[in-house]
Amino acid sequence: MQVSIQAKHLCKTYQLKDPVTGRPYPFQCLDDVNFVIEKGSCVGLKGQNGAGKSTLLKIISNIIRPSSGHVSVKGTVAPMLDLGAGFHDELTGRENAFIYASLMGIKRGELKRQFDDIIDFAEIGAFVDTKLRRYSSGMKFRLAFSIASTLKPDIILADEILAIGDEEFQNRCLNRILELKQSGTTILIVQHNEVLLKRICDRALLLANKTVSHCSV
Amino acid sequence: MFRIISNKVNGLEELKRLPAYHQLFWALTWRNVRLQYQNPLMGFFTAVIAPLLMTTIFYVVLGNKVGEDFKYYFLYIYSGFIFWNVFGAGLARAHTSFLQNSDLVKKIYFPRFLLPLTYLAAKLVDFAIALILFTLLVVISELDLEWGRFIYFSLLSMVSLLLICSGVFLAFSAICVRFRGFQMVFPFVSQAMFFSAPIVYDTQLSITSEMVKALFWLNPLTGVLSFFRAGVFSAPLDPWAAMIHTLFAILIFVAGAIWFKIEDTHLVDRL
């Protein structure tokens, strides 16, 4: 078994400011989190709002640093924490695609080669050279997902991305995710929709009381 | 690719990964340039017409009094504005770079020091256009230009401009994340830097007190402009002063980089 993501004694404390006195006080978000995720598996991450799911994903994608403990990550990571982060309304779809791909670590040649597929999957068609502010929110999302998932990354970190868009596109997203999983991509996904989770996940982790425990999907 | 994420930063590891992000750096730089030149006419205006207009205003107002000391006063002011346009106008965009792009920085990882520097790289496009125009003006104005000296000192001034801008952009962008109120003070800081720099007049010329002179000398643009003008007007440049200017530029770069490095660990937590 190859290990894809491994967390050991992971803790994260935020420094918050007391609104009255202005004094900083520590707010512990994660406390001694341990887990192992095998390569090629799809794991759901469950927990209530504010349980620390996004914090955990951010730590794994190296956006914020843990206060103590460590995570080891093997392979390229496609962070789908917020699809379309970095999109600019005043640029066209094509220009945004180029920038977004660079942010995701996709090589320019790779993007060019796959560009038609990306546009086909996103169903943007004639709007490629239209400014993004003319796009509907669904179109932006489709474009972003299409770029991010064409990369064939080793690891996907997804935060509430499957319940957006119409049902038809949701299904295609789901199929794309399952395809990637088949080809050996490790997926860690936050999704509140239990039905969706059951369809794609092998197992689930539950974040509660600042720590992680295993649970059924 | 294997990566261990902990609260300790492994500088060497990060340095090794840096080349992988060159495409990202150019993509973000290109975005800044693209946004400015979205309307080519307006882009051309900010790069070429605006500095020329400002130069004309100062030339008309100060030409008779201050201009007496300079043979080519118009070129003197314009050379100042070319550099101010990179430093001042670049900093005006770069100091809020993390606040403006917080949605991006909070969701996707990349070496964060690249972000303020993309604004510097984008401003260099304007700089190149303005420099070409400047050279044309010099040729027209019958100024006896020593080309070898001009190119040598231009390169020297550009290197020190890059050092100073990198250091200051990094420091200011980090300060803005930590102290949000700094944004309010920034216009004043920017103006103070403009008027204390030898852009439209030589700050070192009329001041008699040595201490005040030294104080104005601390403006980072002083050295950059003295290099550039030494090349253009064939003015003598004290080698010791040149050395100190260069060391000062390096010091600003190192200080800015270190300050940013310290802030970097908690940058996103504070955003």
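The residue list A:116, A:129 contains one member that is more than 28 Å from residue A:190 (Cα to Cα), touching a strand residue (DSSP E or B) at 6+ places or on another chain (Cβ under 6 Å) and either within 14 Å of chain B (Cβ to nearest Cβ) or not aliphatic (A, V, I, L, M) (or both), which is A:129. Just one residue in the set B:94, B:171 is out of contact with any Pro (no Cβ under 8 Å at 6 or more places or on another chain), closer than 18 Å to residue B:255 by Cα and buried (at least 20 other Cβ atoms within 10 Å of the Cβ); that residue is B:171.
Across segment B:2-25, what is the total count of residues that are small (Gly, Ala, Ser), in a helix (DSSP H, G or I) and at pLDDT below 80? Residues flagged as small (Gly, Ala, Ser), in a helix (DSSP H, G or I) and at pLDDT below 80 within segment B:2-25 amount to 1. Applying the condition of being of a type in the set (Lys, Arg) and within 9 Å of chain B (Cβ to nearest Cβ) to segment A:37-94 and asking which residue is surrounded by the fewest Cβ atoms within 10 Å (Cβ to Cβ) yields A:74. When segment A:95-112 is filtered for residues that are outside any helix (DSSP H, G or I) and surrounded by fewer than 23 Cβ atoms within 10 Å (Cβ to Cβ), the ones remaining, listed by number, are A:105, A:107. Evaluate segment B:104-112: report whether one residue or more is closer than 30 Å to residue B:14 by Cβ, more than 20 Å from the chain's Cα centre (by Cα) and assigned to a helix (DSSP H, G or I). Checked segment B:104-112: at least one residue is closer than 30 Å to residue B:14 by Cβ, more than 20 Å from the chain's Cα centre (by Cα) and assigned to a helix (DSSP H, G or I).
Listed here are the residues, each with its yes/no results for (1) more than 28 Å from residue A:197 (Cα to Cα); (2) in a strand (DSSP E or B).
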| residue | (1), (2) |
| --- | --- |
| A:5 | no, yes |
| A:14 | yes, yes |
| A:22 | yes, no |
| A:43 | no, yes |
| A:59 | no, no |
| A:73 | no, yes |
| A:82 | no, no |
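Looking across segment B:87-121, the residues that are within 13 Å of chain A (Cβ to nearest Cβ) and among the basic types (Lys, Arg) come down to B:106, B:107, B:112.
For segment A:8-22, the count of residues that are in contact (Cβ under 8 Å) with a residue 60 or more places away in the chain, within 12 Å of another protein chain (Cβ to nearest Cβ) and buried (at least 20 other Cβ atoms within 10 Å of the Cβ) is nonzero. Of all residues assigned to segment B:210-226, at least one qualifies as being touching a Ser or Thr at 6+ places or on another chain (Cβ under 6 Å), modelled with pLDDT under 90, surrounded by fewer than 19 Cβ atoms within 10 Å (Cβ to Cβ) and part of a helix (DSSP H, G or I). The condition of being under 25 Å from residue B:262 (Cβ atoms) and in contact with a helix residue (DSSP H, G or I) (Cβ under 8 Å, 6 or more places away or on another chain) holds for only one of B:185, B:168, that being B:168. When residue A:106 is tested against the conditions (1) closer than 25 Å to residue A:56 by Cα; (2) modelled with pLDDT of 85 or more; (3) facing chain B (nearest Cβ under 10 Å), the lone failure is (2).
When residue B:165 is tested against (1) surrounded by 12 or more Cβ atoms within 10 Å (Cβ to Cβ); (2) under 23 Å from residue B:233 (Cβ atoms), just one condition goes unmet, and that condition is (2). Look at segment A:117-128: where a residue is buried (at least 19 other Cβ atoms within 10 Å of the Cβ) and a partner is among the hydrophobic types (A, V, I, L, M, F, W, C), sitting 6+ places away or on another chain with Cβ atoms under 7 Å, you get A:118/A:97; A:118/A:147; A:119/A:128; A:122/A:143; A:124/A:139; A:124/A:143; A:127/A:139. Checking every residue in segment B:122-145 against the condition of being within 14 Å of chain A (Cβ to nearest Cβ) and on the phi < 0 side of the Ramachandran plot gives at least one match. Counting the residues of segment B:124-153 that are under 30 Å from residue B:28 (Cα atoms) and at pLDDT below 85 gives 0. Scanning segment B:130-175 for residues being among the charged types (D, E, K, R) and under 16 Å from residue B:227 (Cα atoms) gives a total of 2.
Look at segment B:17-30: where a residue is more than 9 Å from every other protein chain (Cβ to nearest Cβ) and a partner is among the hydroxyl-bearing types (Ser, Thr, Tyr), sitting 6+ places away or on another chain with Cβ atoms under 8 Å, you get B:29/B:118. Output yes when any residue across segment B:37-51 is within 11 Å of another protein chain (Cβ to nearest Cβ) and either out of contact with any strand residue (DSSP E or B) (no Cβ under 9 Å at 6 or more places or on another chain) or modelled with pLDDT of 85 or more (or both), and no when none is. Checked against the condition, which is being within 11 Å of another protein chain (Cβ to nearest Cβ) and either out of contact with any strand residue (DSSP E or B) (no Cβ under 9 Å at 6 or more places or on another chain) or modelled with pLDDT of 85 or more (or both), segment B:37-51 yields at least one hit.
Would you call residue B:28 more than 29 Å from residue B:196 (Cα to Cα), modelled with pLDDT under 90 and assigned to a helix (DSSP H, G or I)? No; evaluated as a whole, the condition is false for this residue.
For segment A:84-94, name all the residues that are charged (D, E, K, R) and assigned to a helix (DSSP H, G or I). If the condition is that a residue be charged (D, E, K, R) and assigned to a helix (DSSP H, G or I), then A:94 is the only one that fits.
Yes or no, residue by residue, for (1) within 19 Å of residue A:114 (Cβ to Cβ); (2) at pLDDT below 80:
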| position | (1), (2) |
| --- | --- |
| A:147 | yes, no |
| A:151 | yes, yes |
| A:163 | no, yes |
| A:174 | no, no |
| A:177 | yes, no |
| A:190 | no, no |
| A:201 | no, no |
| A:209 | no, no |
| A:215 | no, yes |
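Set side by side, the residues A:187, A:161, A:156 differ, and just one is closer than 23 Å to residue A:44 by Cβ, of a type outside the set (S, T, N, Q), part of a loop (DSSP other than H, G, I, E, B) and touching a residue at least 40 places away in the same chain (Cβ under 8 Å), which is A:161.
The values are calculated or read from the model by the stated rules, or taken from the named source; none is laboratory data. It should be emphasised that the depicted structure is a prediction, and the values quoted were computed from it without experimental measurement. Every residue, glycine as well, gets a Cβ built from its backbone with ideal geometry; the counts of neighbours run over all protein chains shown.
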